[in-house]
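The values are calculated or read from the model by the stated rules, or taken from the named source; none is laboratory data. As the structure is a computational prediction, the values presented were derived from the model and not from experiment. Cβ atoms come from the backbone with ideal geometry, glycine included; neighbour counts cover every protein chain shown.
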Amino acid sequence: MRERSLDALIAGVAARQQGAFTWGQARRLGATAGVREVRVEQGRWVRVHRAAGPAPYAPRMRILVTGGAGFIGSHLSEALLERGDQVVVLDNLSTGSRDNLQGASKHDGFEFVSGSVLDAVLLDDLTAECDQVVHLAAAVGVQLIVSEPLRSLRTNVLGAVNVFEAAHRYRRPVLVASTSEIYGKNSGLLHERSDRVLGPPSVARWAYSTSKAVDEILSFAYWRERHVPTVVARFFNTVGPRQTGAYGMVVPRLVAQALLGRPLTVYGDGSQTRCFCHVSDVVRAVVGLLDRPEAAGEPYNVGSNEEVSILELAHRIAARTGSASSIEFVPYEEVYGDQYEDMLRRAPDTTKLRNLLGWEPSHDLDSIIDATVDWAHTVGPERLLQA
């Protein structure tokens, strides 16, 4: 782990100089052979040399990941650390877990901060110390959204405002995680300029969609009006290790039910179709977008093009786990009351992302199911049903 005293000094002075240096630029002032530390004397950066020894650790970038203890955030944090970046994770652990950060915490360049994006002062301090921000923190999951729509709105909208304000203050690029939910009930092949089709505001189901749409609108406004480099990544049904079914995620829930010999619960008649993308493919897309300045000001769909009905998904999970579990159809009303509406199809057009990055998913649905099964065997299938 890093020594906070030196880093805090560098970050504090950089902030006082009104963003003249980012944290990474200041840190790299000392990243030459024989330099022991960097400090400020009478307002000037100075290098303090030592007689001999290897150069200190010099990160590529220092990146703040909000919601970094969550499913996607923890995988992203590890990927960034493994390529040489430093990562600061800000998370209040409301839906994330410290267990998700076991791999990240083994790296010297990792730091965890317990806190919320609703804490504007804390977020300001952390943004001042970093070169880039990845904003993943959000109230997510159908079950949580339907039961606590106010929490979803406050966390997602006010949190995004705090992120953008801090990024504007210190001129930091921001990647914002969005969702296919912003398309609402539009059931065509969805490209980035597809229309939003929503149900009535009285149905809590649409609170999350609306809050993330506001996040995107803010992102584009800060880019156009205040020249903050922002990019939006719209995720379509990301799946993989560390995801639980506690908040309505279907793959881990069905895998856990199959392994436990319980009925596989399919909501509605199961004819609704989705495309599932492995978290490692999603992370690869996010890292690519972080490295491409020309992506600023644009949204990008991130997802697989392998479409499957939920009923077929249940059958495939039963087959790949060797489960004899039956399939049980459950009306939406029994799960969500009258506050839920579903869409028949949710499939992304990822042409824009492919053209920019040459990106393609490397995992098909069967390998995604297998990875989730392996994870369930590692932690116990009951874990996949827990918050």
(request) Among the residues of region 210-256, write down those that are over 24 Å from PRO173 (Cα atoms) and part of a helix (DSSP H, G or I). (result) VAL250, VAL251, PRO252, ARG253, LEU254, VAL255, ALA256
(message) For region 353-386: of the residues being within 13 Å of ILE317 (Cβ to Cβ) and in contact with a Ser or Thr (Cβ under 7 Å, 6 or more places away or on another chain), which is modelled with the highest pLDDT?
(response) VAL373
(message) Among the residues of region 100-118, are any basic (Lys, Arg) and modelled with pLDDT of 95 or more?
(response) yes
(request) Check THR378 against each of (1) more than 29 Å from SER280 (Cα to Cα); (2) out of contact with any helix residue (DSSP H, G or I) (no Cβ under 9 Å at 6 or more places or on another chain) and name the one condition it does not meet. (result) (1)
(request) Mind listing just one residue for me: the one in region 77-116 that is in contact with a Phe, Trp or Tyr (Cβ under 8 Å, 6 or more places away or on another chain) and over 27 Å from LEU144 (Cβ atoms) and, of those, surrounded by the most Cβ atoms within 10 Å (Cβ to Cβ)? (result) GLN86
(message) Here are the criteria: (1) in contact with a Phe, Trp or Tyr (Cβ under 8 Å, 6 or more places away or on another chain); (2) within 22 Å of GLY68 (Cβ to Cβ); (3) of a type outside the set (S, T, N, Q). Tell me which single one VAL146 does not satisfy.
(response) (2)
(message) If a residue counts only when it is within 25 Å of the chain's Cα centre (by Cα), in the same structural domain as HIS191 (by TED's automatic domain parsing) and not small (Gly, Ala, Ser), which helices (runs of 4 or more DSSP H) contained entirely in region 257-344 have at least 3 such residues?
(response) 279-290
(message) Take the residues in region 180-208 that are crowded, with 16+ Cβ neighbours inside 10 Å and among the hydrophobic types (A, V, I, L, M, F, W, C); name whichever of them is nearest to TYR300 (Cα to Cα).
(response) LEU190
(request) Search region 313-345 for residues being crowded, with 18+ Cβ neighbours inside 10 Å and modelled with pLDDT of 95 or more, and hand back the single one that is nearest to SER194 (Cα to Cα). (result) LEU313
(request) Take the residues in region 332-387 that are touching a Gly at 6+ places or on another chain (Cβ under 9 Å) and of a type in the set (Val, Ile, Thr), then tell me which one is farthest from ASN305 (Cα to Cα). (result) VAL335
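Looking at PHE220, is it crowded, with 21+ Cβ neighbours inside 10 Å, aromatic (Phe, Trp, Tyr) and assigned by TED's automatic domain parsing to the domain that holds GLY322?
Here the answer is no, as PHE220 does not meet what is asked.
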